[in-house]
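These notes are about the structure you will find just below.
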């Protein structure tokens, strides 16, 4: 089936009791069993829930994996991955410009379990290859990265990772969604999303999902999901399913607006630097064209100083100053004090996350209104 058809139908059979077209919210904690060892596939809601299962099956189809598992947040999903792949004395490689929450998890929690992390520019294949060790078990890549929008060649990194034996390539595909990028088709072993963002698309749910290529990994992660219990609720599962039905239409609208806003910003005299892979001047533009079917709507731009960023962000009205991204409304943020505040200042500066950097998640409003708001904010 085509992607739009799968987004609406995959994993979502009509309700067997009523024939309801939309998967119901099965708001139950337990299920009646007909006798000892006799049940209809459902025993306890932490282990199985029909609404959550519909979302997990839908995402497995969209990301071209064998199975998917939904968690209470994107960070809960990433935590489960570390439990799946890493143990004491293992080594992991991570994109150096990774989301601040991911860095915080790895550096402040997982590292203290005896796991060694190396942070490299995964856009540089030689850096990835040089960082690999015999005990490397996970290579965690964001592409595009948050917020500098660096692009990593997923296929090439997958070849490097798989030469090492049993290491897994994990790709955070939150910025692109499976509509614009499907890492498993490019060689990745595992894909992770914050469903809070584009998959849900309406800024009214927090969640995460992991999709896996290998059945042995999927079986183990299912055990971890049940044992650790950081599951996505039935209502949140329903909200994400609802959002995914319009994902293709929304992503096209986001991307169209993103290109126009990026063009406006790139030409503005007060913007000192802009990061958007849809611009031909972006160093990853050609690679992005090859491995993505759209450029998305995440843009970062540098205004040169904290004062300039503070004044600009204090003047926006239609664009909402807020954490998160991927909603139908335009959200704008200051990475150094918001999403990446947990990254040491020296490292932020090295990565280009300056005090003057602003990140914008372009929504699907009328683009002329968005540009007018930005224009007013520049003063």
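Of the residues 300, 309, which single one is outside any loop (DSSP other than H, G, I, E, B), buried (at least 22 other Cβ atoms within 10 Å of the Cβ), in contact (Cβ under 8 Å) with a residue 40 or more places away in the chain and within 21 Å of the chain's Cα centre (by Cα)?
Going through 300, 309 in turn, just one is outside any loop (DSSP other than H, G, I, E, B), buried (at least 22 other Cβ atoms within 10 Å of the Cβ), in contact (Cβ under 8 Å) with a residue 40 or more places away in the chain and within 21 Å of the chain's Cα centre (by Cα): 300.
Checked against the criterion of being assigned to a helix (DSSP H, G or I) and crowded, with 22+ Cβ neighbours inside 10 Å, the range 193-216 has no qualifying residue. Of all residues in the range 266-290, exactly one satisfies the criterion of being buried (at least 22 other Cβ atoms within 10 Å of the Cβ) and part of a helix (DSSP H, G or I), namely 288.
Every read-out reported here was derived from the displayed coordinates using simple, explicitly stated rules and does not represent laboratory data. Since the structure is predicted, the reported quantities are computational estimates derived from the model, not experimental observations. So basically every Cβ, Gly included, is an ideal-geometry build from the backbone, and we count neighbours across all protein chains shown.
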